[in-house]
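Read the structure below first, then the notes.
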Amino acid sequence: MTRSASLDIQVSAALRRLDDLATREPGLAEAAAFYRATIPALHDAQLTVPTFFLNTARAREKLESGRPLLLEEDLPLDIDATTSLFLHLCRILENLAIDGNAPRREKRSFLSRRRYAWSKTEENHTSDSQGTAASRASAAMQIRLAVEHYQLDLTEVWAAVAMGDETRLEQAASQQQLDATLLRVVAETSLRPALRAWSQGLYGAVDLNEWRRGQCPICGNSPRLSEIQGKEGKRRLRCLHCGAGWYYQRLRCAFCGRRDYRSLGFVAVAGQEEKYRLQTCNACRGYVKVVVTYDPIPLPFLSVEDLATYDLDEIAAAHGYTSPPKAKTIS
């Protein structure tokens, strides 16, 4: 079976999982609808990403010096294709407001300041949800029109996102009076096919097990998920952006690197203890969601697992934890 065929099967399985999740948790229907539209689009876009190579010697040198592999490289980003995907994602968000399958109630905007944290809905917020969906659709349309009318420089936005420069991103958004949070989410998502294709192409260049830092060894982003794998229970951090996974000590904060057991904590939702939990750090106030799994989570399922663990995001936020923490203390 080819890698493409295997990915197609994984995409279909991920969509079925989303349907099941939306059925069991109606409050997540809007989020599920968004991912249901974006996962196939990202998969198709990934198949046409220009190849990027990095020789083994340079890859080893970069990892040994603590520099992620894609940083400081002349990456072959297809601007036209990525722009087209960006606009397509905007249209998906616009259509969610009028989609008959979208939810009719929502506790708060799914595009919160915490990245990709979708929230469960409650019965008594019907009108607020409809207004929020309409406002989000309007914001997405404004972003799309700014790009189509050449009023927003997407290369500047992508550069800000790649460097994690929130100030630069907010400045680009404010110049056109755009929603900075929504702009960041769409920009990050539109870059995922390229990052994931390049990440997979780099796996043969170097052994990522040599990496001992919390940030992603491929693209430099912070992890949102952590896998506890196999019978030995080894821990792997996962990057939702490029999909990379790398081993990391279980009793160590992925953000500040602290190993003090008094600073680290674990939280679980009743009934989910065997599958999902939350690892927190009282020192930097960061958190990572933990998924117990025998095999690595397939790429199309990363967003689904992030959505399925929304309860953990809610718990973390209620206790003042963020992911990644506001202070960039990654070791």
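The values are calculated or read from the model by the stated rules, or taken from the named source; none is laboratory data. The structure presented is a predicted model; accordingly, all values stated were derived computationally and were not measured. Every residue, glycine among them, receives a Cβ derived from its backbone with ideal geometry; neighbour counts consider all protein chains shown.
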Check your understanding: Just a yes or no: is a residue in the range 258-274 more than 14 Å from Gln215 (Cα to Cα), modelled with pLDDT of 90 or more and in contact with a Leu (Cβ under 7 Å, 6 or more places away or on another chain)?
Key -> yes
Practice item. Take Ala194 and decide whether it is assigned by TED's automatic domain parsing to the domain that holds Pro76, touching an Asp or Glu at 6+ places or on another chain (Cβ under 9 Å) and assigned to a helix (DSSP H, G or I). Key: yes
Point to revise | Single condition Gly233 does not satisfy, out of (1) under 20 Å from Leu307 (Cβ atoms); (2) without any contact (Cβ under 8 Å) to a residue 60 or more places away in the chain | key: (1)
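Per-residue answers, yes or no, for (1) over 17 Å from the mean Cα position of the chain (by Cα); (2) under 30 Å from Val11 (Cβ atoms):
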{"position": "Arg252", "(1), (2)": "yes, no"}
{"position": "Val267", "(1), (2)": "yes, no"}
{"position": "Gly271", "(1), (2)": "yes, yes"}
{"position": "Asn282", "(1), (2)": "yes, no"}
{"position": "Tyr287", "(1), (2)": "no, yes"}
{"position": "Tyr294", "(1), (2)": "yes, yes"}
{"position": "Leu302", "(1), (2)": "no, yes"}
{"position": "Thr309", "(1), (2)": "no, yes"}
{"position": "Thr322", "(1), (2)": "no, no"}
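For (1) under 18 Å from Thr181 (Cα atoms); (2) modelled with pLDDT of 70 or more; (3) among the small types (Gly, Ala, Ser), each residue gets a yes or a no:
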residue: Ala31; (1), (2), (3): yes, yes, yes
residue: Arg36; (1), (2), (3): no, yes, no
residue: Glu64; (1), (2), (3): no, yes, no
residue: Asp78; (1), (2), (3): no, yes, no
residue: Gly100; (1), (2), (3): no, no, yes
residue: Pro103; (1), (2), (3): no, no, no
residue: Glu123; (1), (2), (3): no, no, no
residue: Thr132; (1), (2), (3): yes, yes, no
residue: Ala140; (1), (2), (3): yes, yes, yes
Practice item. Check every one of the helices (runs of 4 or more DSSP H) wholly within the range 1-80 and list those with 2 or more residues that are of a type in the set (Lys, Arg). Key: 3-24, 56-64
Check your understanding: Tally time: how many residues in the range 188-229 are of a type in the set (Phe, Trp, Tyr) and either in contact with a strand residue (DSSP E or B) (Cβ under 6 Å, 6 or more places away or on another chain) or surrounded by fewer than 21 Cβ atoms within 10 Å (Cβ to Cβ) (or both)?
Key -> 2
Revision key, fill the gap. Exactly one of Arg238, Arg212 is out of contact with any Leu (no Cβ under 7 Å at 6 or more places or on another chain) and among the basic types (Lys, Arg), and that one is Arg212
Revision key, fill the gap. Per the filter on the range 142-174, residues in contact (Cβ under 8 Å) with a residue 40 or more places away in the chain and aromatic (Phe, Trp, Tyr) are Trp158
Point to revise | Candidate set from the range 17-29 (those that are free of Cβ contacts under 8 Å to residues at least 40 places away in the same chain and either within 13 Å of Tyr310 (Cα to Cα) or among the acidic types (Asp, Glu) (or both)); member that is surrounded by the most Cβ atoms within 10 Å (Cβ to Cβ) | key: Ala22
Exercise for review: Hey, could you check the range 177-187 for residues that are free of Cβ contacts under 8 Å to residues at least 40 places away in the same chain and among the hydrophobic types (A, V, I, L, M, F, W, C) and say which is surrounded by the fewest Cβ atoms within 10 Å (Cβ to Cβ)?
Suggested key: Ala180
Review point. Of everything in the range 30-77 that's surrounded by fewer than 12 Cβ atoms within 10 Å (Cβ to Cβ) and of a type in the set (S, T, N, Q), which residue is farthest from Val11 (Cα to Cα)?
Key: Ser65
